[in-house]
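Only the coordinates and a few stated rules stand behind these numbers; no lab work does. Predicted model only: the values in this text are computed from it and were never measured. In this analysis, Cβ positions are derived from the backbone assuming ideal geometry, glycine residues included, and neighbour counts consider all displayed protein chains.
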Amino acid sequence: MFFSAQDRRENVRRNVMNGEGEVRGLHSFMNENRPEKTCFQMIGEMTLPARGASIGFHVHHDNEEIYVAVAGRGLFTDNDGSAHAVLPGDVMLTRQGEGHAIANDGDGPFTFIAVIAA
């Protein structure tokens, strides 16, 4: 199955999961328009455009999420509260029942790919 980058849907949200500032998403699909017979609920390219912009700490009760850093610099807060500096190529996994948060910790935009699966 192929999803063209040209067909991604854009959305901009503020204060996601009680985080700070703006989060821009370019989604190949989200839960409401996902393909049938797949465990994937969302695939998107996410951008935290300014230093301090964040997705607040939240728990994945019924699914898992993986982030892959693409550009910029971030700060990932893991389930145990530990913070990790994030650079392009770094991978962050949040398993079912665990929580996490992510923030822009650089001088420019911070972009990562987010995938949620159940």
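Key figures for this structure:
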quantity	calculated
Electrostatic dipole magnitude of the chain [Cβ: Lys, Arg +1; Asp, Glu -1; Cα centre; debye, to 20]	280 debye
Length added when fully stretched, F57-F3, from 0.36 nm per residue minus Cα-Cα	16.5 nm
Full-stretch length increase - V91, V70 - with 0.36 nm per residue and alpha-carbon distance subtracted	6.6 nm
12 Å beta-carbon shell around F29, net charge (K/R +1, D/E -1)	0
Low-density loop positions, GluC sites (Glu not before Pro), region 1-74 - DSSP coil, at most 11 other Cβ in 10 Å	E36
Distance in nm between pseudo-label sites at D78 and E22 (7 Å out along the Cβ direction from Cα)	3.3 nm
Prolate/oblate/rounded label for region 41-118 (Cα gyration tensor, a/c 1.5)	prolate
